[in-house]
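Input: a single structure, listed below in structure tokens.
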Amino acid sequence: MDKIRKISELRAAVKSQRQQGKKIVLVPTMGNLHAGHIHLVKQARLHGDFVVCTIFVNPMQFGANEDLDAYPRTFEQDCEKLEAAHCDLVFSPTVTEVYPRGLEGQSVVSVPQLSTRHCGASRPGHFDGVSTVVCKLFNMVQPDSAVFGLKDYQQFMVITKMVEDLCIPVQLIGEPTQRDSSGLALSSRNGYLSEQQLAVAPGLYRTLLDAQSSLEAGNEARAVEEQAKHALSNKGFELDYFNISDAFTLEPAQSGNKEVVILAAAKLGSTRLIDNIRVSL
Ligand code: PAF
């Protein structure tokens, strides 16, 4: 597995693969890789011949009150996992390589509407940081396709809209959320949970499943949301949001909506967990 830090070297490596007729698949990550990421790398292999994984902790998507410096950097362990998953190239640029003029002067890719609800309301500017860096990574790697986890459903919809709006020639693949045996969605943040919090955490997914059943039984979205919010606080979560939305616009679901997504974010101590379920009614 090649390890590259410079954009010029990345471009040369990808160009040579493309000249051999290989299809390039990208898996963008911020490192601190877990089984969910490795699943994405293995899926990537099914969609192309040359798998590029990027590891870049993107400062632009962290808010002022979010601890960028504390984000775990585990490059050596990540590379071992990627090598075992048969990744072909890992690109891990420095912040200066990605933002040579700093963040202040950086052009911003901003996806309206979708970016301001849900996590975007709690983390202003977060999705501008995500769409800008993903756009840059697409331009650096120029992949044929790119694989993302659907645990970050809103992120996937924001990136999908960016790709459509800006005519970026990349096929997006959204992979279902990977869960442990308790139903807890795999996330780098699970590593911050105490033993006690780990016992409570699967309650987020269980509440989503209960809400799904309630919707399928014909209950009205706003009533289901209220019930779920109470359930989460009774379980010990500090609620951020629990929203039943149109699966494509992410606007509040209305009666008659056939495709909805239930999106939830809640804290256990200082750890913020997110999860979601798509429901066809
Ligand atoms: O989902 C993530 O890990 C990040 O938001 C991404 C897509 C790699 C952009 O920094």
Exercise. Regarding VAL147, is this residue open to solvent by less than 10 Å² (accessible area, probe 1.4 Å) and within 14 Å of the ligand (Cβ to nearest atom)?
Worked result: yes
For this session: Report, by residue number, each residue of region 160-172 that is touching a residue at least 40 places away in the same chain (Cβ under 8 Å) and either within 11 Å of the ligand (Cβ to nearest atom) or part of a helix (DSSP H, G or I) (or both).
Result: LYS161, MET162, ASP165
For this session: Just name the residue that is most open to solvent (accessible area, probe 1.4 Å) out of those in region 261-270 that are more than 15 Å from CYS119 (Cβ to Cβ) and touching a helix residue (DSSP H, G or I) at 6+ places or on another chain (Cβ under 7 Å).
Result: GLY269
Problem set entry | Hits in region 29-74 - residues which are of a type outside the set (Gly, Ala, Ser) and over 19 Å from SER187 (Cβ atoms) | ARG45, LEU46, HIS47, ASP49, PHE50, VAL51, VAL52, PRO59, MET60, ASN65, ASP69
For this session: For region 193-216, state whether one or more residues are of a type in the set (A, V, I, L, M, F, W, C), within 16 Å of the ligand (Cβ to nearest atom) and within 19 Å of GLY31 (Cα to Cα).
Result: no
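Per-residue answers, yes or no, for (1) at pLDDT below 95; (2) in a strand (DSSP E or B):
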| residue | (1), (2) |
| --- | --- |
| TYR205 | no, no |
| GLY218 | no, no |
| GLU225 | no, no |
| ALA228 | no, no |
| LEU232 | no, no |
| TYR241 | no, yes |
| GLY256 | yes, no |
| ALA265 | no, yes |
For this session: Name the single residue, out of those in region 97-132 being polar (S, T, N, Q) and closer than 28 Å to ALA44 by Cα, that is nearest to the chain's Cα centre (by Cα).
Result: SER131
Problem set entry | Residue satisfying condition, being farther than 30 Å from VAL261 by Cβ, modelled with pLDDT of 95 or more and open to solvent by less than 10 Å² (accessible area, probe 1.4 Å), within set VAL130, VAL111, VAL90 | VAL90
Problem set entry | Single condition ALA201 does not satisfy, out of (1) in contact (Cβ under 8 Å) with a residue 40 or more places away in the chain; (2) open to solvent by 40 Å² or more (accessible area, probe 1.4 Å); (3) within 22 Å of PRO72 (Cα to Cα); (4) over 17 Å from the mean Cα position of the chain (by Cα) | (2)
Problem set entry | Whichever residue in region 10-38 is within 11 Å of LYS81 (Cβ to Cβ) and open to solvent by 40 Å² or more (accessible area, probe 1.4 Å) and, among such residues, is farthest from the ligand (Cβ to nearest atom) | ALA35
Problem set entry | Complete set of residues in region 225-256 that are open to solvent by less than 40 Å² (accessible area, probe 1.4 Å) and over 26 Å from ARG189 (Cβ atoms) | ASP246, ALA253
Exercise. In this structure, does LEU184 turn out to be touching a helix residue (DSSP H, G or I) at 6+ places or on another chain (Cβ under 8 Å), more than 13 Å from the ligand (Cβ to nearest atom) and within 18 Å of ARG272 (Cα to Cα)?
Worked result: yes
Exercise. Scanning region 39-71 for residues that are away from the ligand (no atom under 15 Å from the Cβ) and under 26 Å from SER110 (Cβ atoms), which turns out nearest to the chain's Cα centre (by Cα)?
Worked result: ASP67
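The values are calculated or read from the model by the stated rules, or taken from the named source; none is laboratory data. On a predicted model such as this, the values are computed, not experimentally measured, just so you know. Cβ coordinates were reconstructed from backbone atoms using ideal geometry, including for glycine residues, and neighbour counts include every protein chain displayed. Ligands, DNA and RNA are stripped out before the accessible areas are found, and what is left, the full protein with its side chains, is counted by its heavy atoms. Shrake-Rupley method; radii C 1.70, N 1.55, O 1.52, S 1.80 Å.
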